[in-house]
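Just below is one structure, and these are the notes that go with it.
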Amino acid sequence: MKNLPFKKHSLLFAPMEGVTDGPYRLAISRAFSEWDYFSTDFYRVPTVGNIQEKAILKHYGHGALEKKSLRDKTSYQILTSARAQTKPVVDIINAQGFEHLDLNLGCPSKKVNAHRGGAFLLSDIETLKPIIKTIRESFDRIFTVKIRIGYRDDKLFFDLLKMFEDEGVDAITLHARTRDQLYQGTADWEYIKKAVKACSIPIIGNGDIWTVEDIVRIFDECDPYAIMMGRGALKTPWLATTYYEHRNNPDFLSEEFLLEERRRGLDIYFYELEKEYRKENVEDINILKRFKSFSRYLFDDFPDHETVRGRFLRSTSLNEFKAHLHDLV
Ligand SMILES: Cc1cc2nc3c(=O)[nH]c(=O)nc-3n(C[C@H](O)[C@H](O)[C@H](O)COP(=O)(O)O)c2cc1C
């Protein structure tokens, strides 16, 4: 079994389309260096047309590409289908020396699924297996899959796990919902527990991990090798910092401490993001758009969160947004 590029009990920042591009990952890795690992969002393997090496590298983000320490802790995610040109794309990712390739098998988008990609493939092992074989044969280093518990239901859950293991996949990230559940209800961590028991390869638990208490609980109850956080990481980008501080000093999680963490966290989050976007020459108006989209995930824990969030969302300039931030922190 290959060694994964992150240690046991690591905290992984989930891939998120529209969020975790190169500049975002760079900013987070600097602002909150306690996150152990990152992923690109998915690069969609083209079905027709030439494969452009440049486009594959651009997806990673050129600033992020140059930073070896970040590259060593970032997986490259692809999304593909039986008809798409998987092999030439994987050949390029392999030749470029990326250490870790991840296959997205969890995307619930109607458009992606109608093209028989993303989570759709979980419903069709016959079609999925040759894709897994192709990637495994073409990629020399760590190859993982990111899955849900099934497409419509869980009936292929154990067959899928076994197939991945038999085909030499190095680890499985499991978002504990079916595709049809989208983001409804709460992720059922029982499936993470079951996967850990059923598999000899590492399982990375994912789905509805929001707080330090959740992190402690999922490790205790389900024993995953590591965990991945998506919306929880957007809501509290400093969560990894708080978690490690809590681990070193379990009595330290007072209300006062959390408020201070939040104050510092918000300040440094937007500061580092703006710095990275400026390096990429993103215009103020587009920085503002991104900041607003991140605001949708923040501020839930303020007593008057609707008002607070509304103020940020109604900002008409980046300066106004920053003034609101200044007032808040
Ligand atoms: C805005 C957004 C974009 C996402 N994009 C991706 C993606 O590109 N690749 C992927 O594997 N999962 C993607 N996901 C799913 C997350 O990685 C994660 O599996 C899911 O949100 C469940 O974890 P959570 O409950 O911690 O959010 C996305 C989720 C969100 C909210």
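Can you tell which of LYS146, LYS111 is within 16 Å of the ligand (Cβ to nearest atom), open to solvent by 30 Å² or more (accessible area, probe 1.4 Å) and under 18 Å from the mean Cα position of the chain (by Cα)?
Values: LYS111 fails: under 18 Å from the mean Cα position of the chain (by Cα).
Result of the check over LYS146, LYS111: LYS146.
Considering only residues of region 17-32 that are touching a residue at least 40 places away in the same chain (Cβ under 8 Å) and open to solvent by 30 Å² or more (accessible area, probe 1.4 Å), which is farthest from the ligand (Cβ to nearest atom)? Before you say what the answer is, go through the steps one by one.
Of all residues in region 17-32, those touching a residue at least 40 places away in the same chain (Cβ under 8 Å) come to 18-19, 21-32.
When the remaining residues are screened for being open to solvent by 30 Å² or more (accessible area, probe 1.4 Å), the result is 18, 21, 30.
Values: GLY18: 6, ASP21: 10, ARG30: 21 Å.
It comes out as ARG30.
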Exercise. Of the residues ASP91, ASP36, ASP41, which is in contact (Cβ under 8 Å) with a residue 24 or more places away in the chain, on the phi < 0 side of the Ramachandran plot, touching a Pro at 6+ places or on another chain (Cβ under 6 Å) and surrounded by fewer than 21 Cβ atoms within 10 Å (Cβ to Cβ)?
Worked result: ASP41
Seminar exercise, completed: Exactly one of LYS193, LYS279, LYS235, LYS197 is under 23 Å from HIS324 (Cβ atoms) and not aliphatic (A, V, I, L, M), and that one is LYS235
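Of a type in the set (Asp, Glu), within 17 Å of the chain's Cα centre (by Cα), assigned by TED's automatic domain parsing to the domain that holds ASP91 and in a loop (DSSP other than H, G, I, E, B), is that true of ASP180? Before the answer, list the steps.
Working: of a type in the set (Asp, Glu): yes; within 17 Å of the chain's Cα centre (by Cα): no; assigned by TED's automatic domain parsing to the domain that holds ASP91: yes; in a loop (DSSP other than H, G, I, E, B): yes.
No; evaluated as a whole, the condition is false for this residue.
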For this session: Write out, first by first residue and then by second, each pair whose Cβ atoms fall under 7 Å of each other, whose residues are 6+ apart or on separate chains, and whose first residue, in region 194-214, is in the same structural domain as PRO224 (by TED's automatic domain parsing) while the second is modelled with pLDDT under 95 and in a loop (DSSP other than H, G, I, E, B).
Result: ILE201/MET1; VAL212/LEU253
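I'd like to check which helices (runs of 4 or more DSSP H) are fully inside region 198-307 and have at least 2 residues that are polar (S, T, N, Q) and open to solvent by 10 Å² or more (accessible area, probe 1.4 Å). Even if it seems obvious, please write down each step before you answer.
Numbers: elements: 212-222, 231-235, 239-248, 255-279, 284-295.
The helices (runs of 4 or more DSSP H) meeting that bar are 239-248, 284-295.
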For this session: Please work out if PHE299 is of a type in the set (Phe, Trp, Tyr) and modelled with pLDDT under 95.
Result: yes
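Looking at region 39-109, what helices (runs of 4 or more DSSP H) fall wholly within it and have at least 3 residues that are in contact with a Ser or Thr (Cβ under 7 Å, 6 or more places away or on another chain) and at pLDDT below 95? Lay out the reasoning, then the answer.
Numbers: elements: 53-60, 62-66, 68-71, 86-95.
Here the list is empty.
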Exercise. Can you tell which of ARG231, ARG217 is under 29 Å from GLU190 (Cβ atoms) and in contact (Cβ under 8 Å) with a residue 60 or more places away in the chain?
Worked result: ARG231
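Quick check on region 222-236: of everything there that is over 26 Å from SER200 (Cβ atoms) and of a type in the set (D, E, K, R), which residue is farthest from the ligand (Cβ to nearest atom)? Walk me through how you get there before you give the answer.
Here is the first cut: in region 222-236, the ones over 26 Å from SER200 (Cβ atoms) are 230-236.
Now restrict to residues that are of a type in the set (D, E, K, R): 231, 235.
Details: ARG231: 3, LYS235: 9 Å.
That would be LYS235.
Just to be sure before I move on: is GLY63 among the small types (Gly, Ala, Ser), within 23 Å of ASP91 (Cβ to Cβ) and away from the ligand (no atom under 16 Å from the Cβ) in the structure I sent? Steps first, please.
Details: among the small types (Gly, Ala, Ser): yes; within 23 Å of ASP91 (Cβ to Cβ): no; away from the ligand (no atom under 16 Å from the Cβ): yes.
No, not satisfied.
The values are calculated or read from the model by the stated rules, or taken from the named source; none is laboratory data. Keep in mind the model is a prediction, meaning the values are calculated, not measured. Glycine gets a Cβ as well: all are built from the backbone with ideal geometry, and neighbour counts include every protein chain shown. Accessible surface is based on the protein model in full, side chains and every heavy atom, while ligands, DNA and RNA are left aside. Shrake-Rupley method; radii C 1.70, N 1.55, O 1.52, S 1.80 Å.
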